[in-house]
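This report concerns only the one structure given below.
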Amino acid sequence: MRLEGLVQHEFPLTTGYLLDRMRTVNGDSTCTSVRGDGSRTSESYRELGARADRLGHALRSLGVRETERVATYLWNCQEHLELYLAIPSYGAVLHTLNLRLSADELTYIVDHAEDRVVFVDGSLIPAVREFAHRLRSVRYWVVVGAGDGSGLPGTVLRYEELLAAAPDTPFDWPALDDRAAAALCYTSGTTGRPKGVLYSHRSTLLHALGACAADSLGTCAADRALIVVPMFHANAWGLPYASALAGADVVLPGRAVDAAAIARLIESERITLACAVPTIWHDLLRYAEEHRPDLSSLRMVACGGAAVPRSLMQELEERHNVPIIQVWGMTETSPLATIAHPPSRAQGEQRWAYRGMAGKLLPFVQARIVDERGAQLPWDGETDGELQVRGPWIAAGYFREPDGAEKFQDGWLRTGDVAAISRDGWVRITDRAKDVIKSGGEWISSVAVENELVGHPAVREAAVIAMPDERWTERPLACVVVEPEAELDGRRLTEWLRPRITKWWLPDEYAFVPAIPRTSTGKLDKKKLRALLADGGLARGERTLPPIRTPTAEEN
Ligand code: ADP
């Protein structure tokens, strides 16, 4: 029985509400967009709202129906933000395509999603031509900016012409159920065939609110947020929606995300909040050492998508006053799930210990760790097992993917990450299950070894993978990129590591490589490294062999 006088819990949490908020209370906030020629344009949220109205009319003129998927193949730019708001508010599903995927992968994904309309940046048309003729569902290509779309199969339209032709009247946005689908994002495929994660309006809005919480990204009206992470990568970590909700100004860097461009934007746009994967901040650190840009406006940099080495955080903070806060999440978790703001009780060295972890669970996100048989493990900060999570913005399945069932267990998402959780609910990621190195029946954390390796001043990048070993099943091989002009060998690296990690974790071999392959979302591509190793394509440098023996109990 429901009691009388209950609050308005039917109020829908939809992107339509975000649009309304952008037009009204956040109308004076701005979106600044870096264009292909390097120039910048700036528009108020009020104007963005008006343009979204025109887009609503345009989507109707194209015959888009509710729940139909509409794709974007765009850089981070103002038009992308407009589409982020208009497509779901219209009742269709925003499907962001990963610009770094191959033609085959994109063909699979677009076909699987059955996208009918694709919004494409003019500069990306040559890439689209490679697979456009193979697509079964696409009827319209809408070109953003300049670029010759002739010859693309289907009807080719121009974004600005489409908007100009639309009535200059408010669009009658439908009243949507907030459990309806809003956005679709495919996992980048580090883990096999891409799978679609389907977000609802409710999950998107709750996640955006989560990103506004003070102990999270704390997105607020005083922020100028630089969204470096691509808008195709897990909804740019929710920052576009969080900014719309909070009224933070957003700055969208377009295609230039090299360290110099990012530093220039931080400096000239007085950026307060930014987010990107660790590689970007590694590059920025190196750039800052040489060029000393003014990065003092930054109040927080959210960094995740891969383990964030402590050395990176410490150097950026102590030498350049850039506070990096680690986050952990996945496409399946919208993505924010943990964030590492240390509690007041942690001081000095202990603060860094907290900062080095993936972080504390965000509000509404629950976690557990389980062993191989599915039994729950204790939260003692030591015992590690598979991390499983659940919550209102965590995936419950995959879009049209009956085979995806093994990723879910009794309402929990099996993350595929190995982690330990402390008594106070802090998550420490040891590894991805498939990257863990199994040696003599025990696990070696490749992440822990990498973090120590990149702390060496002459190491630019490092990835540690398993190599088959007759006696121990697997042993660690460290692939290392040495800083230009630095000299390094395996013996010196072993000396560096010896006091820092458990003895039997020391790599058996080092491969000095010119670069580490990256995935489409900028992560170390260990799958590719393992394939190179199997094909004999890794020039394994030296054997630096400390005698190997079975780990003793106290070393474990
Ligand atoms: P993909 O699975 O295709 O790489 P995601 O971006 O969804 O795409 O990747 C999520 C994975 O990234 C997580 O499961 C985890 O392995 C890794 N990850 C994300 N953040 C962190 C972090 N702070 N520390 C360690 N690993 C992380």
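Any chance segment 377-396 includes a residue that's on the phi > 0 side of the Ramachandran plot and either more than 25 Å from the chain's Cα centre (by Cα) or buried (at least 17 other Cβ atoms within 10 Å of the Cβ) (or both)? Walk me through it before giving the result.
Just the residues of segment 377-396 that are on the phi > 0 side of the Ramachandran plot, to begin with: 381, 391.
Keeping just the survivors that are either more than 25 Å from the chain's Cα centre (by Cα) or buried (at least 17 other Cβ atoms within 10 Å of the Cβ) (or both) gives 381, 391.
Within segment 377-396, one or more residues are on the phi > 0 side of the Ramachandran plot and either more than 25 Å from the chain's Cα centre (by Cα) or buried (at least 17 other Cβ atoms within 10 Å of the Cβ) (or both).
The one condition from (1) within 18 Å of the chain's Cα centre (by Cα); (2) buried (at least 22 other Cβ atoms within 10 Å of the Cβ) that G416 does not meet is (2).
Cβ separations smaller than 8 Å between residues 6+ apart or across chains give the following pairs from segment 501-529 residues that are in the same structural domain as E487 (by TED's automatic domain parsing) and closer than 21 Å to D489 by Cβ to residues that are of a type in the set (G, A, S) and within 16 Å of the ligand (Cβ to nearest atom): I501/A448; W505/S445; W505/A448; I516/A462; I516/A463; L529/A463.
Considering (1) surrounded by fewer than 22 Cβ atoms within 10 Å (Cβ to Cβ); (2) within 14 Å of P476 (Cα to Cα), the lone condition that V449 does not fulfil carries the number (1).
Which of the residues that make up segment 332-349 are loosely packed, with under 12 Cβ neighbours inside 10 Å and under 18 Å from A214 (Cβ atoms)? Selection gives S344, R345.
Here is a yes/no grid of residues against (1) touching a residue at least 24 places away in the same chain (Cβ under 8 Å); (2) within 14 Å of the ligand (Cβ to nearest atom); (3) farther than 26 Å from L298 by Cβ:
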site	(1), (2), (3)
R193	yes, yes, yes
H201	yes, no, yes
A208	yes, no, no
A214	no, no, no
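With respect to the conditions (1) over 23 Å from Y199 (Cβ atoms); (2) in contact with a strand residue (DSSP E or B) (Cβ under 7 Å, 6 or more places away or on another chain), G391 lacks only one, and its number is (1).
Rundown of residues vs (1) more than 29 Å from D525 (Cα to Cα); (2) touching a residue at least 40 places away in the same chain (Cβ under 8 Å), yes/no style:
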{"residue": "P88", "(1), (2)": "yes, yes"}
{"residue": "H95", "(1), (2)": "no, yes"}
{"residue": "S123", "(1), (2)": "no, yes"}
{"residue": "W141", "(1), (2)": "yes, no"}
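Residue count for segment 486-530 satisfying the condition of being in a helix (DSSP H, G or I), out of contact with any Ser or Thr (no Cβ under 9 Å at 6 or more places or on another chain), of a type in the set (A, V, I, L, M, F, W, C) and over 18 Å from D469 (Cβ atoms): 2.
Scanning segment 143-191 for residues that are part of a strand (DSSP E or B), away from the ligand (no atom under 16 Å from the Cβ) and not aliphatic (A, V, I, L, M) gives T155, R158. Remark: pairs (first residue in segment 440-458, on the phi > 0 side of the Ramachandran plot and modelled with pLDDT under 90; second residue outside any helix (DSSP H, G or I) and of a type outside the set (K, R); Cβ separation under 8 Å; 6+ apart in sequence or on different chains) = G440/W472; G440/T473; G440/T550; G440/P551; G441/T473. S42 meets all of the listed conditions (1) surrounded by fewer than 23 Cβ atoms within 10 Å (Cβ to Cβ); (2) closer than 28 Å to A256 by Cα; (3) in contact (Cβ under 8 Å) with a residue 24 or more places away in the chain but one, namely (3).
The values are calculated or read from the model by the stated rules, or taken from the named source; none is laboratory data. Since the model is a prediction, treat every value here as computed from it, not as a measurement. FYI the Cβ positions are ideal-geometry reconstructions off the backbone, even for glycines, and counts take in every protein chain you see.
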